[in-house]
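Asker: Next up is a structure, given as structure tokens.
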Amino acid sequence: MKCHLKSATFSALAALAISPMFLVAEKASAQPTGTNASYLGGGVSAGVTNGGKTGDAATFGGNIQGRLAIPNTPVSARGAILFSDETSAIMPMISYDVPVTNNANIYLGAGYSFVEQNGKPTPLGNKDAVVLTTGVEAQVSRDIILYSDAKLGIKAYENSPASAVSFQAGAAYRF
């Protein structure tokens, strides 16, 4: 009986001694939280495709992009304006955000591109189209977020079955 009590006491002390290692290990393996920042920013935009007709050339321009994080969900409402020297494309979008570090997300989204003047080039084609996007955003300070993404405008050229691709990068202010 004495030996059994000694063994039980030793087991309890051993469990108490090693339990902090399991607590630390659990903390170290915690999932990244990403960023839940809502922001508005601007940067550059480069169209890299053309529709194969006059006026469909790849276009360089700018972008204004924003994100409204929806609390307690991995979903965000996003908006983007891609503009050239001739017109702009306005895009409301919804995205699914995946945290990759404690201050960064990757995202996949979908929306629709409304071209202000159909037939005039934007970095994402020259007509209204369904848009798919994928990108990354990182909070580099309390109020500054850097973002970069690619957008695919499906059949985004007039009189052409071609899709448009553009790449964006910029900096934003958290609100």
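Asker: Given charges of +1 on the Cβ of Lys and Arg and -1 on the Cβ of Asp and Glu, with all other atoms neutral, how large is the dipole of region 114-175 about its Cα centre, in debye to the nearest 20?
Answerer: The dipole of region 114-175 has a size of about 20 debye.
Asker: Related question: Size of the dipole of region 53-118 about the Cα centre, Lys and Arg at +1 and Asp and Glu at -1 on the beta carbon, nothing else charged, in debye to 20?
Answerer: Numbers: 3 positive and 5 negative charges, 47 e Å.
Value, rounded to 20: 220 debye.
Asker: Calculate the spin-label point distance for Ser148 paired with Asp85, positioning each point 7 Å from the Cα along the beta-carbon direction, and give it in nanometres.
Answerer: Rounded to a tenth, the inter-label distance reads 2.7 nm.
Asker: Assuming R0 = 35 Å, what is the FRET efficiency of Asn72 and Val44, from their Cβ-Cβ distance, to the nearest 0.05?
Answerer: For R0 = 35 Å, the calculated efficiency reads 0.60.
Asker: Now for a different question. If you add up the charges near Thr134, with Lys and Arg at +1 and Asp and Glu at -1, over every other residue whose beta carbon is less than 10 angstrom from its beta carbon, what do you get?
Answerer: Value of the local net charge: 0.
Asker: Pairs of Cα atoms under 8 Å, at least six residues apart: use those to get the relative contact order of region 48-110, whole percent.
Answerer: Taking the mean separation of contacting Cα pairs over the length of region 48-110, I get 22 percent.
Asker: Can you tell me the accessible area per residue over region 77-125, all protein chains present, probe 1.4 angstrom, in square angstrom?
Answerer: Using a 1.4 Å probe on heavy atoms only, each residue of region 77-125 averages 46 Å².
Asker: Mind listing the phi-derived Karplus ³J(HN,Hα) values for region 135-142, rounded to whole Hz, using 6.51, -1.76 and 1.60 with θ = phi - 60°, and x for any glycine or proline?
Answerer: Here the 3J(HN,Hα) series is x, 9, 9, 9, 8, 9, 8, 4 Hz.
Asker: Right, another one. Looking at region 52-142, which GluC sites (Glu not before Pro) are in a loop (DSSP not H, G, I, E or B) and have at most 16 other Cβ atoms within 10 Å?
Answerer: Glu86, Glu116
Asker: Among Ala129, Ala89, Thr33, whose Cα lies farthest out toward the positive end of the dipole of region 20-129, if unit charges sit on the beta carbon of Lys, Arg (+1) and Asp, Glu (-1)?
Answerer: Among Ala129, Ala89, Thr33, the one farthest towards the positive end of the dipole of region 20-129 is Thr33.
Asker: Could you tell me whether region 57-175 comes out rounded, prolate or oblate from its Cα gyration tensor? Rule is a ≥ b ≥ c as square roots of the eigenvalues, rounded for a/c under 1.5, then prolate if a/b exceeds b/c, otherwise oblate.
Answerer: prolate
The values are calculated or read from the model by the stated rules, or taken from the named source; none is laboratory data. Small disclaimer: the values here were computed from a predicted structure and weren't measured. Neighbour counts run over all protein chains shown; Cβ positions are idealised from the backbone, glycine included. These area figures cover heavy atoms from the full protein model, side chains too; ligands, DNA and RNA do not enter into them. Shrake-Rupley method; radii C 1.70, N 1.55, O 1.52, S 1.80 Å.
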